[in-house]
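First comes the structure, then the notes that go with it.
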Amino acid sequence: AHAETGDDDAFTIFMSEVPDTLRSPRKRLIAELGKRGYRVTCEIPPPDASEALKAATEQALAEADLAVNLLDIYPGRELVDQPDLWYPQVQTEICLQSQTPQMVWIPSDAEFADIEEGEYRNFLTAVEAGQLVDKQYEFIRGSKSSLAQQIEDYARQIQAQKPVEMPSDGRMPVLLDT
């Protein structure tokens, strides 16, 4: 099922699929962000094929103000039609191709040398180095305990940068103190 927390008009965070090692922290994080007033879109039913996953992820991103990808040295579940790719990696790549602001997080103690899957190790190395796309995104090596605050801080930065919407008649009321 498609799970959401928070108010429909609230700042919307898309939380992508995670490896099993991050399932519990992800659940706690979703609950915490919901309590803080954020709308969290998560749990896209994992389609079995890459095209279905791409369509579902792009739909969620279209409605999001921020995409959050939690990664680990373990790549997660494989795609059925592409066993050399994993759900968290594919969703991160789709997010990187989007215009949606993005935060990629990995535990501070993650050692890329410990990653058994060469392709996944190369992917994480390139994401950390900012070599996959020209898009600006936040890459954080951090602790699980500070993750909710890091996401909230980044969400506030994004909100502060949003332009003020003009009224439909093109005129904006201004109060001048003379």
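The values are calculated or read from the model by the stated rules, or taken from the named source; none is laboratory data. Note that the coordinates shown come from a computational prediction; the quantities given were computed from them, not determined experimentally. With ideal geometry, Cβ positions are generated from the backbone for all residues, glycine too; neighbour counts draw on all protein chains shown. Accessible surface areas use protein heavy atoms only, side chains included; no ligands, DNA or RNA. Shrake-Rupley method; radii C 1.70, N 1.55, O 1.52, S 1.80 Å.
The base-10 log of I(q)/I(0) for segment 1-153, evaluated at q = 0.17 Å⁻¹, reads -0.97 [Debye formula, identical scatterers on Cα atoms, solvent excluded].
Taken one residue at a time, the phi angles of segment 113-118 give Karplus couplings (6.51, -1.76, 1.60, θ = phi - 60°) of 5, 7, 6, 6, 7, x Hz. Gly and Pro are set to x.
Annotation: amide H-H contacts under 5 Å for A67 (H modelled 1.01 Å from N, sequence separation of 5 or more, or interchain): F14, Q102, M103. Normalised per residue, the accessible area of segment 97-159 is 56 Å², obtained with a 1.4 Å probe and no contribution from ligands, DNA or RNA. Scanning residues 5 or more positions from F11 or on other chains, those with amide H under 5 Å from its amide H are R39, with H placed 1.01 Å from N in the peptide plane. In segment 35-99, the portion of solvent-accessible area held by carbon and sulfur atoms comes to 49 percent [1.4 Å probe, whole percent, DNA, RNA and ligands not counted]. If the chain linking Q159 and Q82 were pulled fully straight, counting 0.36 nm for each residue of separation and taking away their Cα-Cα distance, it would gain 24.0 nm. A simple rule links phi to the HN-Hα coupling: the Karplus curve 6.51 cos²θ - 1.76 cosθ + 1.60 with θ = phi - 60°, which for segment 77-86 gives 6, 7, 6, 5, 8, 9, x, 8, 10, 10 Hz, with x for Gly and Pro. Model label points for R141 and R23, set 7 angstrom from Cα along the Cα-to-Cβ axis, are 2.8 nm apart. For segment 28-110, list log₁₀ I(q)/I(0) at each q in 0.13, 0.15, 0.23, 0.24 Å⁻¹, using the Debye formula over Cα point scatterers of equal strength and ignoring solvent, two decimals each. With no solvent term, the Cα-only Debye profile gives -0.43, -0.58, -1.25, -1.31.
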